[in-house]
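The values are calculated or read from the model by the stated rules, or taken from the named source; none is laboratory data. Here the structure is a predicted model, which means the values were calculated and not measured. Positions of Cβ are generated from backbone atoms using ideal geometry, with glycine treated the same way; all protein chains shown enter the neighbour counts.
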Amino acid sequence: MRCFVAVELADTLREPLVRLLRHELPATRDVRWCTPQQLHLTLKFLGEVGDNQLRQVSAAVSAAAEQVAPFSLKLGHLGCFPSARSPRVLWVGMGDPGGGCARWLAAAEKLFEPLGFARETRPFQPHVTLGRSRGPKGAELLRRVLAQPAGLPPREMTVREVVLFESRLDPRGARYLPQHRAPLGGRAAAGEDQNR
């Protein structure tokens, strides 16, 4: 299965992004917009994880989470990858004043590497993907979106857990299925892990 580790968004952050997607961003086939269910902040993309690795990967996610106390995330401004001149991915940045995302990632990289998952070489930039261009027309539309202020409200949430997701493709797009939840700060998990 294809897996990644992410922060699920609280409704306080998700709702303004859903409003933006539904009411302010143009409906077009030239950009593949995310659905509300797809909105999340990716901490680490793992790629293929074998069934025999799932327990070890889940344990690594939890071990890294135990080293990080709950932290705040703040809704930021629109941005893009790779550049404003030729945008392919539109995202909203997430303010992480305490550096909680980076601390979890630093702890996790040491645990994932022995399991065969390469370290990320690009600098980490907390963000939530909103849409991906399907070609030149989509890139032009994203340039126009970036030129206008999005007017997102100053919202904040407290991150209390990270989640290991499976990404499953179907005709309607990717679906993200939680496989393991890891509380931050060493608290006992609420509820039972789905992979047990």
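The figures follow:
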read-out	value
Of all residues making up the range 115-144, the number that are touching a helix residue (DSSP H, G or I) at 6+ places or on another chain (Cβ under 9 Å) and either over 22 Å from Arg2 (Cα atoms) or not basic (Lys, Arg) (or both)	12
So Arg14, is it within 18 Å of Ser72 (Cα to Cα) and touching a residue at least 12 places away in the same chain (Cβ under 8 Å)	yes
Top-ranked residue in the range 8-51 [being of a type in the set (A, V, I, L, M, F, W, C) and in contact with a Phe, Trp or Tyr (Cβ under 9 Å, 6 or more places away or on another chain); ranked as surrounded by the fewest Cβ atoms within 10 Å (Cβ to Cβ)]	Ala27
Test result for Arg119, in a helix (DSSP H, G or I) and at pLDDT below 95	no
Matching residues, the range 71-87, being touching a strand residue (DSSP E or B) at 6+ places or on another chain (Cβ under 9 Å), in contact (Cβ under 8 Å) with a residue 60 or more places away in the chain and exposed (fewer than 15 other Cβ atoms within 10 Å of the Cβ)	Ser72, His77
Residues located in the range 158-191, provided they are charged (D, E, K, R), over 17 Å from Ala10 (Cβ atoms) and modelled with pLDDT of 85 or more	Glu166, Arg168, Arg175
